[in-house]
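The values are calculated or read from the model by the stated rules, or taken from the named source; none is laboratory data. Just so we're clear, the structure is a prediction, and the values are computed from it rather than from any experiment. Note that each Cβ is placed from the backbone with ideal geometry, even for glycine, and that neighbours are counted across all protein chains shown.
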Amino acid sequence: MTEDLKRYLFSIAEAFVDKSLIIDVVPLGNGNINDTYLVKLKDSGHQDFVLQKISSKVFKNPESIISNMQVSLEYIELKLLSETWNIEERDWRTTSLLKSRYNNQYWHRIQDEFWRATSYIGSAYTTDVVRNSDDAEEVGIGLGIFHSLMDGFPLKKLIKTLDNFHVTPKYHQEYKKVSNYMVADSCDKTQYCINFIKEREAIVGILDNAICSGELCHRVIHGDPKVNNFLFDNITNQAIAMVDLDTLMTGLIHYDLGDCLRSACNPAGEEEHDLSKVFFCIDSCKRLLSGYLSKTKKLLNEADYKYLYDAIRLIPFELGMRFFSDYLAGNIYFKVDHPSHNLDRALVQFSLTKSIEMQEFEIRECIENLR
C-alpha cells in the first residue's frame, strides 16, 4: 500500500471515528468486488472496524445495500433475543453499521466513492478453503442458521440491489451477446469454454423455470456464501457469523446452497492454475449438506429437495459463464490481476461443474439419505 493511499484511507476512516483514535488501516480479505480494510484503533474503549468501498460499477444504488443491512440485522438481533430461538449454545454474532460523523447516515460519500463501516468481530478467523470435513459441516451449519434466522422476514422490506442476480438465462443472454464480438483466432482455452457452455445450454433455465411454474419460491438469501464469508471462532472452530451482506436479497435458497457447496467442496480453491487439482469433494459435500439440513429441515419442502442437485450443478456453471463473459467483455465486473485472470477462473468453475456431473448419483443419493 502506498503512502498516498494510506493517507487517503485515514481520511475516509475519520468520517466514522475521531482521527486521534486511528492507529492503522490495513487491507482485509480478498474479495472480487469491493475494497475492504480493517481500521485499527487505540485500546480506549473503542473497537476496530471494517471499512469498505462499495463498487459503483456493480452496485448502482449503494444506499439500498445499507437499507437491506439495517432491516435484516435488526430482524436477526430480535430473533436471537427471542426465547423461542435456540442455536444450541452456539455464540452466533452479527455485525453492526457505524454512522458517519459528517451526515449521521450509515455511509460516507466522497465524489463518486461510497464507503460504509461495520463493526469488526474479533476472536474469529476466516479461511478461503475448508481444511477438513469438520470445517465443511460447520459451513453448512452456519448457512443453515442464517437461513433459519431470516425465515419469516417480510420480503417486501428488501430492495433489489442487483438486477437478474442468479437468473442464469440472463447471464446466458449476456454471454451470447459478448461472444458475438470475439476475435476469430481464439485460443484453445477460449474454444473449450465456448464448447462447454454450448453443451449445457439445456440446463440454463432449470431453476428459473421452476420459479415460473410455482414449484420454487423466493426467500431471503445471503447472495455470496463463499467459505471466506463465514467467521469461525478462534477456540471452538465453530461457524459463528456470516459477513458481507451486500448481496442480501430475495432469491432461491438453492442459489446460496449451490454457491456455498461450489466454494467449500473445491479443495484447490478458485484461483488454481493446475486444473487437474480441481475437483468436487463428495465427502465435504456430504458433511456440508448434513450440517445445513440439520438446521433447515423445517424450511424445505418436496420441491426444494427435488432441485437441490440441479442447483449444485448449475451455480458453478453459471459463475464460470459469468467469469468467461467478463473476460470476453474486457474484465469490467470482477477485479483481475492480469488480462486472462477471468478466463482462468472460468476454467476452474467448469472443471468443478464437470466433477459434479461425474458424481451425480452419489450427490443425489446423499440428498435422499439426509432427508
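Name the single residue, out of those in segment 30-58 being of a type in the set (D, E, K, R) and without any contact (Cβ under 8 Å) to a residue 60 or more places away in the chain, that is nearest to M69 (Cα to Cα).
D35
Inside segment 253-305, can you point out the residues that are of a type in the set (V, I, T) and under 16 Å from G320 (Cβ atoms)?
Within segment 253-305, V278 is the sole residue that qualifies.
With of a type in the set (A, V, I, L, M, F, W, C) and closer than 30 Å to A239 by Cβ as the only criterion, which of V220, V204, V178 stands out? Give the steps one after another, and end with the answer.
Working: V204 fails: closer than 30 Å to A239 by Cβ; V178 fails: closer than 30 Å to A239 by Cβ.
Criteria check complete, one pass: V220.
Which of the helices (runs of 4 or more DSSP H) contained wholly in segment 218-324 include at least 3 residues that are over 23 Å from A346 (Cβ atoms) and assigned by TED's automatic domain parsing to the domain that holds P169?
Ranges flagged: 282-296, 302-306.
Quick check on this structure: which one of S290, S340 is closer than 23 Å to H254 by Cβ, hydroxyl-bearing (S, T, Y) and either surrounded by 24 or more Cβ atoms within 10 Å (Cβ to Cβ) or in contact with a helix residue (DSSP H, G or I) (Cβ under 8 Å, 6 or more places away or on another chain) (or both)? Working first, answer last.
Values: S340 fails: closer than 23 Å to H254 by Cβ.
None of the others qualify; the one that does is S290.
What about S119, is it over 23 Å from the mean Cα position of the chain (by Cα) and either within 22 Å of L80 (Cα to Cα) or in the same structural domain as D256 (by TED's automatic domain parsing) (or both)?
For S119, the condition - over 23 Å from the mean Cα position of the chain (by Cα) and either within 22 Å of L80 (Cα to Cα) or in the same structural domain as D256 (by TED's automatic domain parsing) (or both) - is not met.
For residues that are surrounded by fewer than 23 Cβ atoms within 10 Å (Cβ to Cβ) and either in contact with a helix residue (DSSP H, G or I) (Cβ under 8 Å, 6 or more places away or on another chain) or in contact (Cβ under 8 Å) with a residue 60 or more places away in the chain (or both), scanning just segment 271-280, find the one that is nearest to N228 (Cα to Cα).
Within segment 271-280, the match that is nearest to N228 (Cα to Cα) is E271.
Would you check which residues across segment 321-353 are free of Cβ contacts under 8 Å to residues at least 60 places away in the same chain and of a type in the set (D, E, K, R) and list them?
D326, D337
If L248 satisfies every condition in (1) under 28 Å from I159 (Cα atoms); (2) surrounded by 14 or more Cβ atoms within 10 Å (Cβ to Cβ); (3) over 20 Å from the mean Cα position of the chain (by Cα) but one, which is the exception?
(3)
Tell me, yes or no, whether segment 270-283 has at least one residue that is farther than 27 Å from L343 by Cα and not charged (D, E, K, R).
Among the residues of segment 270-283, not one is farther than 27 Å from L343 by Cα and not charged (D, E, K, R), which makes the answer no.
Scan segment 17-72 for residues that are farther than 22 Å from T161 by Cβ and in a loop (DSSP other than H, G, I, E, B) and jot them down.
If the condition is that a residue be farther than 22 Å from T161 by Cβ and in a loop (DSSP other than H, G, I, E, B), then V17, D18, K42, D43, S44, G45, H46, Q47, D48 are the ones that fit.
Being free of Cβ contacts under 8 Å to residues at least 40 places away in the same chain and within 29 Å of L248 (Cβ to Cβ) is true for just one of P27, P62. Which residue is that? Reasoning before the result, please.
On the way: P62 fails: free of Cβ contacts under 8 Å to residues at least 40 places away in the same chain.
Only one candidate qualifies: P27.
May I ask you to verify whether F230 is crowded, with 23+ Cβ neighbours inside 10 Å and either touching a helix residue (DSSP H, G or I) at 6+ places or on another chain (Cβ under 8 Å) or not aromatic (F, W, Y) (or both)?
Against the criterion (crowded, with 23+ Cβ neighbours inside 10 Å and either touching a helix residue (DSSP H, G or I) at 6+ places or on another chain (Cβ under 8 Å) or not aromatic (F, W, Y) (or both)), F230 qualifies.
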